[in-house]
Amino acid sequence: MRCSWADSSEEMQLYHDTEWGKIDRDERYLFEMLSLELSQAGLSWSTILKRRSGYKEVFDNFDVDKVAGYSDEKISELLQDPKIIRNKLKVNAIVNNAKQIKMMHDNNKRFGDYIWNFVDNKQIINHYQTMEELPAQDELSQKISKDLKKRGFKFIGPTIIYSFLQAIGVINDHLDSCDFK
């Protein structure tokens, strides 16, 4: 048995079963998930998953250094590419956020360490019985969102950050009845 939101497609099932709620501290993956989560705003996750390979292609497999160095010309090209959601605010936010993460790296800091320090490097495992119980945001996502904004990150409200934390395994919100908890 799996969380009901994952039943809509094979892509959703695969993502649910192998990634969602699983701890991952890889810097490239964290940047990818932050970028995909902010791209999802106002859309469904299935819409983003269907374009995930396109995002990886046009954003150089989410290589932080490469994306941080994108020129205005490159950003204009991205905004014409049908493989991604062509929203100027979202595309600019991805490039901006790469610059912020690169700045951390340049100062010998890891984005993953920064995120995991908010929870003392311990996964939060919630115990919900129904999907309706899952919050869209919480105190932690509000705190991280606020701190990221102070650091210059864009398009990272508390709802986007909550989804991001679920995606990278900081928060495990699989239902108690889910075989993948």
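The values are calculated or read from the model by the stated rules, or taken from the named source; none is laboratory data. Note that the structure is a prediction, hence the values are computed from the model and not measured. Heads up, the Cβs are rebuilt from the backbone with ideal geometry, glycines too, and the neighbour counts pull from every protein chain shown. Just the protein is used for accessible areas: all its heavy atoms, side chains included, with ligands, DNA and RNA removed. Shrake-Rupley method; radii C 1.70, N 1.55, O 1.52, S 1.80 Å.
Data for the structure
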quantity: Pick from the range 17-63, criterion among the hydroxyl-bearing types (S, T, Y) and in contact (Cβ under 8 Å) with a residue 60 or more places away in the chain, ranking: most open to solvent (accessible area, probe 1.4 Å); calculated: Y29
quantity: Residue, nearest to S145 (Cα to Cα), within the range 71-92, restricted to residues that are in contact (Cβ under 8 Å) with a residue 40 or more places away in the chain and surrounded by 14 or more Cβ atoms within 10 Å (Cβ to Cβ); calculated: K90
quantity: Check on L14, aliphatic (A, V, I, L, M), part of a helix (DSSP H, G or I) and surrounded by fewer than 16 Cβ atoms within 10 Å (Cβ to Cβ); calculated: yes
